[in-house]
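Quick note: the coordinates plus some simple rules give every number you see, no bench work behind them. Every value quoted in this text rests on a predicted model; they were computed, and no experiment measured them. As a convention, Cβ positions derive from the backbone with ideal geometry for all residues, glycine included, and neighbour counts pool all protein chains shown.
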Amino acid sequence: MPGLTPSREALGAGGITATPRTGSIPRIRDDETFSPTTTGSHRVVRVPTRDTKKRPTRPRKRRSLTRRGWIPDQHGAWPMLLVPFWLGVAWSSFSVTTLVVFATWLVGYFCFHATTLWLRSGRKERLWPPVRAYGLATLALGLLVVVIEPALLEWCVFFLPLVSCALWLAWHKRDRSLLARSSAVAASTLMCLVAYDVGTGFTRSGLAASWLQHSQVGTLSPALPAHSDLGPWAWIVCVAACIGAYFWCTIPYVKTLVRERGSRPWLLLSVGTHAACTLVAAIAAVRGWAWWPLALVWFALTIRAAAGPLWSARSGKRVPVRIIGWGEMAATLVLVLLLLNG
């Protein structure tokens, strides 16, 4: 047919130089495609391309350190590491020993996190270096703490069962279970009492057992709450219990919004524990142990524990993770300010 047979010059050049009816076909760019029309012609349709430059990504080096266990990736653990400890410091005093104990606690958490990953992975060799490094650092700091204040060894009676339970659960790949998370919350709550014990020089005034007294001077007078009739140690126990209960209640609350969304048992557990804490806070306010704003905050947290999952169930949408995170930060800040004022 005319127009379809290539010329000898074209064949000699190594290809076809003419194609019939191509003069009206526009040039197609990378982000465009052909779309046939009813008249037999074609039109160019713009195809949107994904802009990879706008996607926020973590640095490759940091991702690699996180995967290998050097950097913890659990952002919710940081408030539990910092808040209880420094609440205990705020109600006592700060010293060089406090700084050493805090460094031991921080490095110990890094060691615990790396060990958890190593055990959960079946003790893979590539996850062993951070366990070894953080373990040696924790051992060195721990020995320094014992040399400075031997009385801190008494707190091992409480910490060893909690750490052993958490590591055993990690070995059986149950580190995300409620028991494992509860052990971590209990350990962080105890650090409030440890920091207070260090800041008051181990005087432990108000405790009935005389054998627990380690200070011969006893000149340190801890701060007393302005809105509470409790003694020093009774008050700091109340503070630790309040902040520990809050962190524990976040476990079922977050699960009802993410992993256990739509689960009625988890919703009942979350709302029930929040309501129980509200009742305890109200009783404490009536007895003069704490002030009423603390009970009001717990009541607001109970409403939030029910409203978030119910909204998600009715709308069929998930609560954005950033909203959950900002909400937890705001609630923690309000609770800390109330506990600092007694």
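Summary table
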{"item": "Gain upon complete extension [SER164, ILE148; 0.36 nm per residue less C-alpha separation]", "result": "3.2 nm"}
{"item": "Under 5 Å, built H, 5+ apart or other chain: amide partners of ILE71", "result": "THR66"}
{"item": "Cα→Cβ-extended label distance, 7 Å offset, between VAL237 and ARG261, nm", "result": "4.2"}
{"item": "Table column - 3J(HN,Hα) (Hz), region 127-134, Karplus curve with 6.51, -1.76, 1.60, x for Gly and Pro", "result": "9, 7, x, x, 4, 5, 5, 5"}
